[in-house]
Amino acid sequence: MGIRIRATGTSTSTDTHSVVTHSGRAAAQCLERAGVRPDQVGVLINTGVFRDSNTVEPAVAALIQKAAGIGLDYTKADPRTFSFDLMNGAVGVVNAVQVAGSVLTTGSTEHVLIVAGDTHPSLARSSADAEFPYATSGAALLLEQVDDPEGFGPVHTATAPGTPAGQAYVDTAAMGTVGRTLMTVEREPDYEDRILAVATDVAHSALTDLDTATVALIASTPSPRFPGRLADALGIDQAAVRVPDLSDGDPHTAALPLAYARANAEGTLAGYTHVLFVAAGAGPSAAATLYRLPAETTA
């Protein structure tokens with residue numbers, strides 16, 4: 001039995017900078033593509049970090065759930081959808097895959113919906129810059145359990161010692177009355193090298209003895225060159241690297257689902273048997289999992 005991706009959804013339009021709206025649109029699109037009703041989703045996990053107006057309460061997952069039209073009826077006989085935020089930076093989506101797998105194997109729900117996305121808290125822009133290196137977007141993965149062996153393998157995680165390499169925070173000493181529109185992002189000079197090292201280690205753990213010629217790589221995008229550097233470190237051909245649209249900058253938590261959705265839409269996973277998902281970011285921390293593609297994808 002396996003946990004596979006039933007459908008994907010994305011939202012990258014410029015008519016809004018709200019990550020709640022983007023993630024809600026991605027979730028709704030995902031369900032529509034899958035032909036799945038909202039009441040068939042038992043759990044929604046939001047992995048986004050940078051939120052509209054630095055929202056703290058309620059959980060942004062609940063706001064996304066409402067925006068997607070999931071679980072809005074509350075009569076006694078209506079099915080319930082449980083939603084929550086799982087925030088671990090760029091690694092969050094892979095962490096959510098692990099949690100979703102545990103939920104689905106209990107048989108308590110048919111589907112788990114993972115959503116990801118980030119935005120500048122000012123809601124005034126969608127493109128990254130030197131001070132805030134993250135693009136605004138939303139993405140969703142709908143997961144289900146199947147009898148076939150396709151789907152996600154074990155999730156491997158790792159952290160490295162020392163300083164976190166990067167951090168983001170609201171500077172309470174300087175924010176004054178506009179703290180809901182500000183975010184300070186700091187990266188150490190060796191940020192990328194340090195997260196590359198931990199990403200390489202955890203990716204090797206996920207690959208085991210698999211022939212890398214059959215593996216496509218989807219990785220975090222703290223820089224446009226990061227997935228390619230990781231491929232070189234793993235002995236994976238550069239032609240096997242799949243990335244999201246990076247024209248507005250790093251989609252951060254949404255990078256992996258956006259890249260997978262793009263590759264699927266463009267048919268560029270044909271010929272591969274597996275996708276290696278590697279997420280890496282501040283901590284330094286990383287997580288990796290090997291995804292066995294359905295037969296119809298590999299043909």
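Laboratory data are not the source of any read-out in this text; all were calculated from the coordinates shown. Source: prediction; values computed, not measured. When we count neighbours, we look across all protein chains shown, and the Cβ atoms used for this are built from the backbone with ideal geometry, even at glycine.
Would you mind calculating the relative contact order of region 153-298 from Cα pairs under 8 angstrom and at least 6 residues apart, reporting the percent as a whole number?
Details: 271 pairs, mean separation 49.6, N = 146.
That works out to 34 percent.
Determine by what factor the alpha-carbon radius of gyration of region 65-148 differs from 2.2 N^0.38 Å, reporting the quotient.
Details: Rg = 16.0 Å, N = 84, 2.2 N^0.38 = 11.8 Å.
Here the answer is 1.35, to two decimals.
Could you give the length gained by full extension between residue 173 and residue 54, i.e. 0.36 nm per residue of separation minus their alpha carbon distance, to one decimal place? Numbers along the way, then the final one.
Numbers: separation 119, 0.36 × 119 = 42.84 nm, distance 1.62 nm.
Working it through step by step, the gained length comes to 41.2 nm.
Counting other Cβ atoms within 10 Å of each Cβ, which GluC sites (Glu not before Pro) in region 103-174 have at most 14 and sit in a DSSP loop?
Details: sites: 110, 131, 144, 150; in loops: 110, 131, 150.
Of the GluC sites (Glu not before Pro), the ones in loops of region 103-174 whose Cβ has at most 14 other Cβ atoms within 10 Å are 131.
Expressed as a whole percent, how much of the Cα-Cα distance distribution for region 2-148 exceeds 21 Å?
On the way: 4215 of 10731 pairs.
Summing the P(r) of region 2-148 above 21 Å gives 39 percent of all pairs.
Taking region 210-299 on its own, what percent of its Cα-Cα pair distances exceed 22 Å?
Values: 795 of 4005 pairs.
Counting pairs separated by more than 22 Å, the tail of P(r) holds 20 percent.
When the chain is treated as a GNM, springs tying every alpha-carbon pair under 10 Å, which of 238, 65, 98 comes out with the largest mean-square fluctuation?
Residue with maximal mean-square fluctuation among 238, 65, 98: 238.
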